[in-house]
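Please read the structure below before turning to the comments.
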Amino acid sequence: MSNATTALAMTTTTTTTNADFEFPEIHNFPPFFTRQPNESTWKEQRRMWCDLILSYFRHNGLSTMTLAEAVTGPLFSNRGIHRSLRVDVLREIVEELVRQGNASWMGPKNTRDACLVFWRKPEAWATVIHQWAADAGMLNTVLTFFEIANGDDTVGQEFHGIDPATLRRALDVLQSQGKAQLFVGTSDDDIGVKFFA
């Protein structure tokens, strides 16, 4: 195991530096911000970045990322050690998230400049939302996207305030499973959904 791999693998303590989010100590390790040339070290580095992105997005309730903007923010730029991740390296990391089902590219095909990040996969959101519909007595009732994501009946639910694109993916999963039917509206907020047992 190389020294860089050892350092990447052994760094587990955390520091708090951004809105109560605890960055792992690896975030203070300058080589973490440079793509490592050794393939096994890069694989571990990429895994750690993926885990960090998902944790950060979950903690902050984020769902979208524009790569060029993101590399200047606190997640990918550590001003304390004067290090930032390059956009091309971040793109490779996001590709790994896409392979894992935790991200999806947005915008024009082949640009790969922005993505949706699923800190909880759409399939898992589908399960949570369907369970809520069953528990709340909403089966066989038509609800709008707005009611599901922002309605009074969902206050306190994990999915309250969910990004419309993520909600759509979760409801598409339920529709493919025969547990929901979507009805076209004039906008995402007006799309209706009927849940089935």
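Going by the structure shown, is S63 under 23 Å from A165 (Cα atoms) and touching a Pro at 6+ places or on another chain (Cβ under 9 Å)?
Criteria not met by S63.
So that you can scan it fast, the table gives a plain yes or no per residue for (1) more than 19 Å from the chain's Cα centre (by Cα); (2) without any contact (Cβ under 8 Å) to a residue 12 or more places away in the chain; (3) crowded, with 17+ Cβ neighbours inside 10 Å:
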{"residue": "N110", "(1), (2), (3)": "yes, yes, no"}
{"residue": "H130", "(1), (2), (3)": "yes, no, yes"}
{"residue": "A133", "(1), (2), (3)": "yes, no, yes"}
{"residue": "G137", "(1), (2), (3)": "yes, yes, no"}
{"residue": "E147", "(1), (2), (3)": "yes, yes, yes"}
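Quick one: would you say Q36 is in a helix (DSSP H, G or I), at pLDDT 95 or above, touching a helix residue (DSSP H, G or I) at 6+ places or on another chain (Cβ under 8 Å) and over 25 Å from R169 (Cα atoms)?
no
Restricting attention to the range 159-166, does a residue exist that is open to solvent by 20 Å² or more (accessible area, probe 1.4 Å) and of a type in the set (S, T, Y)?
no
Take the conditions in contact (Cβ under 8 Å) with a residue 24 or more places away in the chain and open to solvent by 40 Å² or more (accessible area, probe 1.4 Å) and apply them to S63. Does it pass?
So S63 does not fit the description; no.
Hey, which of the strands (runs of 3 or more DSSP E) in the range 69-150, taking only ones fully inside, have at least 2 residues that are out of contact with any helix residue (DSSP H, G or I) (no Cβ under 7 Å at 6 or more places or on another chain)?
142-144
Looking at (1) exposed (fewer than 14 other Cβ atoms within 10 Å of the Cβ); (2) more than 15 Å from the chain's Cα centre (by Cα), can you tell me which one G101 breaks?
Single failed check for G101: (2).
Could you tell me whether E123 is surrounded by 14 or more Cβ atoms within 10 Å (Cβ to Cβ) and touching a residue at least 40 places away in the same chain (Cβ under 8 Å)?
yes
The values are calculated or read from the model by the stated rules, or taken from the named source; none is laboratory data. Every value quoted in this text rests on a predicted model; they were computed, and no experiment measured them. Cβ coordinates were reconstructed from backbone atoms using ideal geometry, including for glycine residues, and neighbour counts include every protein chain displayed. When the accessible area is computed, the model is the full protein with side chains, heavy atoms only, and any ligands, DNA or RNA have been set aside. Shrake-Rupley method; radii C 1.70, N 1.55, O 1.52, S 1.80 Å.
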